Amino acid sequence: MQNKILILHGWGGSDAPHWQAELAAAVAKNYGTVSFPLLDNCHFPNKNRWIKQLKNILEDFRPDIVVCHSLANMLWFWLSQERIPDIKRLFLISPPSLATQIETIKTFFPCPLPDTLHAKEVTMIVSDNDPYITPDEARKIAGHFGITPIILHHAGHINTDSGHGKWELIEKLVMRSGK
């Protein structure tokens, strides 16, 4: 049986050719079950509205695997402080600093780390030159959850601007876990 994969974008969305859109297409192309919703007002997000929307998505879709990029990591951290169903795998890609001070996304920060991520297995992937988080802070976040992050060399924020359209690594990791 195929897993149900939920892909959550960050601030501003992740339309094609972003790797998240490519991942959604690859899952669907392989007859997988995928949900890649556009979160409310993605260019001016509000934490409480996104949490409410994500709760509805989780209840309706019931994913096995969740793939978060950027601000979606903070969304998952906030939601994980509540009682939610556990998932099989969680991918945390390019989380921003927990103390980010960008005015447009200020409702998400500062973001405390939850005790659990409600996932049986967690994979974190960051870059050594991400403008929104240092490798040291990424390691501290990962360490809080008892995981070792995968740190890519010069991959920026791992988005379209840093050349991440079709991204074979994430497709292999997610699709392998979909078997």
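Please tell me if Val67 is out of contact with any His (no Cβ under 7 Å at 6 or more places or on another chain) and surrounded by 22 or more Cβ atoms within 10 Å (Cβ to Cβ). Answer is yes for this residue. Set side by side, the residues Pro95, Pro110 differ, and just one is surrounded by fewer than 18 Cβ atoms within 10 Å (Cβ to Cβ) and within 20 Å of Asn48 (Cα to Cα), which is Pro110.
One line per residue, one yes/no per condition, for (1) touching a residue at least 60 places away in the same chain (Cβ under 8 Å); (2) in a loop (DSSP other than H, G, I, E, B); (3) farther than 16 Å from Trp19 by Cβ:
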residue: Tyr31; (1), (2), (3): no, yes, yes
residue: Val34; (1), (2), (3): no, no, no
residue: Asn41; (1), (2), (3): no, yes, yes
residue: Pro45; (1), (2), (3): yes, yes, yes
residue: Arg49; (1), (2), (3): no, no, yes
residue: Leu54; (1), (2), (3): no, no, yes
residue: Ile57; (1), (2), (3): no, no, yes
residue: Asp60; (1), (2), (3): no, no, yes
residue: Cys68; (1), (2), (3): yes, no, no
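For the range 123-150, give me each residue that is more than 22 Å from Glu22 (Cβ to Cβ) and hydrophobic (A, V, I, L, M, F, W, C). Within the range 123-150, Ile133, Ala138, Ile141, Ala142, Phe145, Ile147 meet the criteria. Just so you know, in the range 77-86 the residues that are farther than 15 Å from Ile105 by Cβ and at pLDDT 95 or above include one that is surrounded by the fewest Cβ atoms within 10 Å (Cβ to Cβ), and it is Asp86.
The values are calculated or read from the model by the stated rules, or taken from the named source; none is laboratory data. In this text the structure is predicted, and so the values were computed from the model without any measurement. Neighbour counts run over all protein chains shown; Cβ positions are idealised from the backbone, glycine included.
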